[in-house]
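A short write-up of the structure that comes next.
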């Protein structure tokens, strides 16, 4: 089983035939993405995956600037912490910024990959990233959450036929985009109505470390999320145009 999975992962790093996604399918996928992210019952579980992407966003941003990744914790209430070590300053701010925007950016990248025939590569890369992330988990709840994510990614790699991979990757990308909008709304509401929870806000923590007001960081989060939505729409617009033709 492991050899088969590894062979499938390595074999995924090649371009496949771009999927033929119909307008009806796209509408169904958007509805499914909303169903995962908007109702509280489904968000309780899918939101855990967006939290994983959120924390991995912090981790990759930190590594980009030469900071040392010490560990990641995840909890069942959608909270998480990524601990890095290095000199304070812009590097720390850069790592702190790429939490809430990460699911949107990844979602747009998945939408582009799925539409352009790179769905298998996206699944393979995602499986390897999640597997490597296990090395940095520092709590039991986080280990359980990430093991489930690794297991689901393994099922995708093993069980999804090549001709359907692009469809699955587009669906996952759109689900992350919807989830990113929900998470952005959540952090904004913390600043507007639930200020007792400010310590959980990346925007507030960035304000504390840089002196730049939280609303500026919230605006920057929104700009990246909006840009990701536009990028995803650009990737999918050809599908929509073809369906309307």
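The values are calculated or read from the model by the stated rules, or taken from the named source; none is laboratory data. Model, not experiment: these values are computed from the prediction. No Cβ is skipped: glycine too gets one built from the backbone with ideal geometry, and neighbour counts run over all protein chains shown.
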Per the list (1) surrounded by fewer than 21 Cβ atoms within 10 Å (Cβ to Cβ); (2) touching a residue at least 60 places away in the same chain (Cβ under 8 Å); (3) in contact with a helix residue (DSSP H, G or I) (Cβ under 7 Å, 6 or more places away or on another chain); (4) over 19 Å from residue 178 (Cα atoms), residue check on residue 17 breaks on (3)
Only one of (1) surrounded by fewer than 22 Cβ atoms within 10 Å (Cβ to Cβ); (2) touching a helix residue (DSSP H, G or I) at 6+ places or on another chain (Cβ under 7 Å); (3) part of a loop (DSSP other than H, G, I, E, B) is not met by residue 99, so which one is it? (1)
Taking the stretch 155-200 only, how many residues are at pLDDT 95 or above and not in a helix (DSSP H, G or I)? 0
Which of the residues belonging to the stretch 108-125 are crowded, with 20+ Cβ neighbours inside 10 Å, in contact with a helix residue (DSSP H, G or I) (Cβ under 6 Å, 6 or more places away or on another chain) and closer than 19 Å to residue 160 by Cα? 110, 111, 113, 114, 115, 119, 120, 122, 123, 124
Give me a count of the residues in the stretch 74-93 that are farther than 20 Å from residue 221 by Cα and out of contact with any strand residue (DSSP E or B) (no Cβ under 8 Å at 6 or more places or on another chain). 5
Residue that is in a loop (DSSP other than H, G, I, E, B) and at negative phi, where the choices are 35, 50, 17: 17
In the stretch 133-163, the residues that are free of Cβ contacts under 8 Å to residues at least 12 places away in the same chain and over 17 Å from residue 50 (Cα atoms): 135, 140, 155, 159, 161
Tell me the residue from 71, 96 that is within 29 Å of residue 144 (Cβ to Cβ), in contact (Cβ under 8 Å) with a residue 24 or more places away in the chain and in contact with a strand residue (DSSP E or B) (Cβ under 6 Å, 6 or more places away or on another chain), please. 71
